[in-house]
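The structure appears below as structure tokens.
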Amino acid sequence: MKRLLCLVAAALSLAACSKDELASVKTYTYAGGIHQEGQIQYAEHPPVGGPHNPRWQQCGLYDKPLYDQYAVHSMEHGAVWVTYLPTLPAADLTALKAVLEGRSYVILSPYPGQASAVMASAWNAQLALETASNPRLKAFLAKYEEGASAPERGAACDGPYSTTATQ
């Protein structure tokens, strides 16, 4: 019944159900602005904030894993990092790309060993999803892409680092 009400509300262009869609988002309290060279160990995988490299990952769609410390810096700028298990079926990966295509502040990459098939991470927020077509991904993007939780919201997301962890 609740899902039906959300669908009706969506059809009427109401945002009343977005809070319910994001009820399973885990939140954290990392401070921004801590730059550090080299490899950095993070408590969450993929990470959701903390120290990061002074250079940020260029936003875009990647088919190889990324270095955490560059992607975290992009999240500080307001990017959402969507990661997926490398075993994700091709149809699901195509669906993810369709949702993310044309967005300026998103990164997509595989992330071996993560806890769920798909994860959406932003500065101090993370959503685990079992399918690529879950509508909660769009709600997460609406709230967190260039969202208020990013310490340097609106800073560049184009370059300077576009290399993947495995070339």
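The values are calculated or read from the model by the stated rules, or taken from the named source; none is laboratory data. On a predicted model such as this, the values are computed, not experimentally measured, just so you know. Here the Cβ is made from the backbone with ideal geometry for all residues, glycine too, and neighbour counts use every protein chain on show.
Determine which member of the set 142, 90, 79, 128 is surrounded by fewer than 19 Cβ atoms within 10 Å (Cβ to Cβ) and under 14 Å from residue 46 (Cβ atoms). Before you say what the answer is, go through the steps one by one.
Numbers: 142 fails: under 14 Å from residue 46 (Cβ atoms); 90 fails: under 14 Å from residue 46 (Cβ atoms); 79 fails: surrounded by fewer than 19 Cβ atoms within 10 Å (Cβ to Cβ).
Exactly one residue qualifies, and that residue is 128.
Going by the conditions given, is residue 114 within 16 Å of residue 68 (Cβ to Cβ), polar (S, T, N, Q) and crowded, with 21+ Cβ neighbours inside 10 Å?
Judged against the criteria, residue 114 is not a match.
List every residue pair whose Cβ atoms lie under 6 Å apart, where the two residues are 6 or more positions apart in sequence or sit on different chains, the first residue falls within region 68-95 and is under 12 Å from residue 118 (Cβ atoms) and touching a residue at least 60 places away in the same chain (Cβ under 8 Å), and the second residue, located anywhere, is outside any loop (DSSP other than H, G, I, E, B) and among the charged types (D, E, K, R).
So the pair list comes out empty.
Considering only residues that are over 13 Å from the mean Cα position of the chain (by Cα) and touching a residue at least 24 places away in the same chain (Cβ under 8 Å), which ones fall in region 133-148?
Of everything in region 133-148, those that are over 13 Å from the mean Cα position of the chain (by Cα) and touching a residue at least 24 places away in the same chain (Cβ under 8 Å) turn out to be 133, 135.
Kindly check whether there is at least one residue in region 63-72 that is among the aromatic types (Phe, Trp, Tyr), in a loop (DSSP other than H, G, I, E, B), surrounded by fewer than 21 Cβ atoms within 10 Å (Cβ to Cβ) and at pLDDT 95 or above.
There is at least one residue in region 63-72 that is among the aromatic types (Phe, Trp, Tyr), in a loop (DSSP other than H, G, I, E, B), surrounded by fewer than 21 Cβ atoms within 10 Å (Cβ to Cβ) and at pLDDT 95 or above.
Given 115, 95, which one is part of a helix (DSSP H, G or I) and small (Gly, Ala, Ser)?
95
Of these, 102, 32, 49, which one is part of a loop (DSSP other than H, G, I, E, B), at positive phi and buried (at least 16 other Cβ atoms within 10 Å of the Cβ)? Walk me through how you get there before you give the answer.
Values: 102 fails: buried (at least 16 other Cβ atoms within 10 Å of the Cβ); 32 fails: at positive phi.
The conditions single out 49.
Residues in region 139-167 that are touching a Leu at 6+ places or on another chain (Cβ under 8 Å) and modelled with pLDDT under 95: how many?
2
For the subset of region 145-167 comprising residues that are on the phi > 0 side of the Ramachandran plot and of a type in the set (Gly, Ala, Ser), which member is surrounded by the fewest Cβ atoms within 10 Å (Cβ to Cβ)?
Checking each candidate, the answer is 154.
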